[in-house]
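Notes follow once the structure below has been shown.
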Amino acid sequence: MGRLVVLCLSGLLVLAGPVCSQTGGTIVFGVEGEIWSINADTTNLTQLAMGSGPVWSPDGRRIAFLRFSDLKTDLHSEIWIMNADGTDVAPLGPGSRRSGRINRLAWSPDGTRIAFHSSLGEFDSETWSEIWVIGVDGAAARKLVDGYWPAWTPNGSRIPNLAKHVFG
């Protein structure tokens, strides 16, 4: 059974986005455009980078996250990757840059690819909303399907998602 993780930092309540590492020893989360980590025992609070939506790689060595060039609208998104300790922060590559929103990052089980949701409109609108995959080596991104919420099957062979008609 999962646990709800609630952190209170300097008066800021963080309810969305805390993600535990595979070992459960470290929690990473985003708040007000910054990515932080903290040990599960609440020691070693560390700011890692500027960005949002952090997700752990399957081996727990890296974190993928998002940066936006327009923080007011979350438009012009780009996927970035860093080591778990906040070093080697770098954009994934030109294929990870979008003129709309990118969100819902999902690492493949083998850690070689990241699936993501990309949209030009609001979450539930009928505007362009697609699932894409990009290699963590910066290989070209490719569109898979119109839809939301990418998630990999355990063997990494498929990406189930909710199609647009579910919300229509």
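What follows draws every value from the coordinates through simple rules; no lab data is involved. Everything numeric in this text was worked out from a predicted model, so none of it was measured. Note that each Cβ is placed from the backbone with ideal geometry, even for glycine, and that neighbours are counted across all protein chains shown.
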Pull up all non-local amide H partners of Ile35: gap of 5 or more, or a different chain, and H-to-H distance under 5 Å with H placed in the peptide plane.
Leu48, Ala49, Met50, Gly51
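Within 10 Å, count the other beta carbons around each residue, average over each peptide in 48-54, 29-35, 86-92, and list them highest first. Show your work: numbers first, answer last.
Details: 48-54: 20.4, 29-35: 17.4, 86-92: 13.4.
Top of the packing list down: 48-54, 29-35, 86-92.
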